[in-house]
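Trainee: Submitted below is the structure of interest, expressed as structure tokens.
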Amino acid sequence: MELWESASIGNMTLRNRTVRSATNEHLAGRDGAITEALVECYEELAAHQVGLVITGHYAVDALARVDAGQPSLDERTDRTLLKTAADRIHAKGGKVAIQLNHGGLKASEKLNGRPSRGPMELTAEDRADLLKKYRFAARLAREAGFDGVQVHMAHGYLLSSFLNPKENTRTDRYGGSVENRFRFPGEVLRAVREEWGPEAPVLVKVNCDAVEDLHQVLKLCQEAGASAAEISGIRFASEEINGEPFYLKKVIEAREGISMPLILVGGITSRKAAEQVLQAGIPFVSFSRSLICEPDFIEKLKNGAEKSRCTHCNHCFQVYRERYRRCILHKKEIPQLRETFGA
Ligand SMILES: Cc1cc2nc3c(=O)[nH]c(=O)nc-3n(C[C@H](O)[C@H](O)[C@H](O)COP(=O)(O)O)c2cc1C
């Protein structure tokens, strides 16, 4: 497998095997509105050869956002701007999947004005309401011309917590065995699949840790209709940096019998690491922090660069929230962001 050959997920064909992993851009406007700055951020990635841009997480429930920079996808969303986002990425030869999320226990009480809620707090009525919200958001994205959708089941948000036996100790059909813990994430996945139709790219993102049995989770995702699974880890920000992809070994151990394409993310900042992933038979390579640091990193790789300047220092978590810069290596503010948000 070659990084620069085209490859498919469901009925979507990508120009190469690179993916921009969902990364909260912290560029939403007031009350989670999509902004021109957010659109420009996607467009910039597509202009620099990223095969598939996965957007940062969009909140399907405007009252379960995790921070003020996170956009939501609901009745108030500007559909024209959403369509502009998809069109502008396509004009640069890229494809785009929107990531859908519910903040769960990580939702901000201060921002949302209500306590965060995880699997233990959600009633049957809440779950039914949430399924409607996932469906609505998925439909908006499809109608706007997005190429695919990713259901976020990783990193400690609501669906991740359902899968995590430490956070989900329910004793009903939604807790206990892995099949039961997957029940609600599976219902979400099936609902999104129904909205998008049988051939469309409906992706998931899962943790390789905090799930007890990655193989079983992948199998359940596949059975529930996932077109591809991206694998990350709940502790990605504190993994040891040694030039190796963080989760390669875990995925190799778990993938037997899994036929949907896998996408690996975590710690991949060099050509060598990206090629190692493909050589192991994993068809897509995904990047987050190296693309915060250098939005043109994929193009640089294509032109012969060996390594990103990103050192995984994690300052982006803070710097991003300040909104006018992205990475501590960026000396200059991004002028259009100051224009969008004011001084
Ligand atoms: C600032 C920042 C924001 C992130 N936002 C998201 C997000 O919205 N959705 C998501 O699934 N992962 C998010 N991630 C995690 C990345 O997608 C990725 O899984 C993780 O950073 C490991 O990849 P890397 O080593 O290439 O950075 C974020 C990471 C960072 C650093």
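Trainee: Where does the chain land at 222 nm, in deg cm²/dmol rounded to the nearest 500, when only DSSP H runs of n ≥ 4 count, each adding -39500 (n - 2.57), divided by all residues?
Mentor: Numbers: 13 runs with 125 residues, N = 343.
Mean residue ellipticity, 222 nm, calculated: -10500 deg cm²/dmol.
Trainee: Which residues' amide hydrogens lie under 5 Å from the amide hydrogen of Ile9, considering only partners 5 or more residues apart or on another chain, with H built in the peptide plane?
Mentor: Here Leu14 satisfy the definition.
Trainee: Towards the positive end of the charge dipole of the chain, with charges on Cβ (+1 Lys, Arg; -1 Asp, Glu), say which of Pro185, Ala22, Thr171 has the farthest Cα.
Mentor: The residue sitting most towards the positive pole is Ala22.
Trainee: Taking H placed 1.01 Å from N in the peptide plane, check which residues at least 5 places from Arg170 or on another chain put their amide H under 5 Å from its amide H.
Mentor: Here Gly176 satisfy the definition.
Trainee: On to the next question. Below 8 Å, C-alpha to C-alpha, sequence gap of six or more: please give me the relative contact order for segment 181-310 in percent. Mind dumping the intermediate values first?
Mentor: Values: 189 pairs, mean separation 24.6, N = 130.
Reported as a whole number, the value is 19 percent.
Trainee: Ok, one more. List the aspartates and glutamates whose Cα lies under 12 Å from the Cα of Lys300, skipping any in the same chain that are fewer than 8 positions away.
Mentor: Within the straight-line limit of under 12 Å, Lys300 reaches no aspartates and glutamates at all.
Trainee: Sticking with this one: For the chain, build the charge dipole from Cβ charges (+1 Lys, Arg; -1 Asp, Glu) around the Cα centre, then report which of Gly148, Ala237, Cys208 sits farthest towards its positive end.
Mentor: Final value for the positive-end residue is Ala237.
Trainee: Where nothing but the Cβ of Lys and Arg (+1) and of Asp and Glu (-1) is charged, how large is the charge dipole of the chain around its Cα centre, in debye to the nearest 20?
Mentor: Values: 48 positive and 46 negative charges, 89 e Å.
Taking the Cα centre of the chain as origin, the dipole is about 420 debye.
Trainee: Radius of gyration and Dmax for segment 128-223's Cα atoms, expressed in Å?
Mentor: That works out to 13.3, 41 Å for Rg and Dmax.
Trainee: Here's something else I'd like to know. Treating only the Cβ of Lys, Arg, Asp and Glu as charged (+1, +1, -1, -1), what charge dipole size does segment 2-144 show about its Cα centre? Round to the nearest 20 debye. Before the final figure, lay out the partial values.
Mentor: Numbers: 21 positive and 20 negative charges, 50 e Å.
Using only the charged Cβ atoms, the result is roughly 240 debye.
Trainee: Which values, in whole Å and largest first, are the semi-axes of the equivalent ellipsoid of segment 7-341 obtained as the square root of 5 times each eigenvalue of the Cα gyration tensor?
Mentor: Square roots of five times the eigenvalues give 27, 24, 19 Å.
Trainee: Which FRET efficiency, nearest 0.05, do Thr311 and Ser108 yield, Cβ-Cβ r, R0 35 Å?
Mentor: Values: r = 28 Å, r/R0 = 0.81.
Calculated transfer efficiency: 0.75.
Trainee: Here is a follow-up. What's the FRET efficiency of Ala124 with Leu63 using the Cβ-Cβ distance as r and R₀ = 22 Å, to the nearest 0.05? Intermediate values should be presented prior to the final figure.
Mentor: On the way: r = 19 Å, r/R0 = 0.85.
So the FRET efficiency works out to roughly 0.75.
Trainee: Grab the other residues whose beta carbon is less than 12 angstrom from that of Ala64, score K and R as +1, D and E as -1, and report the net.
Mentor: Values: positive: Arg65, Lys106, Arg114, Arg117, Lys133; negative: Asp61, Asp67, Asp74, Glu109, Glu121, Asp126, Asp129.
Once positives and negatives cancel, what remains is -2.
Each reported figure results from applying straightforward, stated rules to the coordinates on display, with no laboratory input. Owing to the predicted nature of the structure, the values given are computational and were not obtained by experimental measurement. Backbone-built Cβ (ideal geometry, glycine too); neighbour counts: all protein chains shown.
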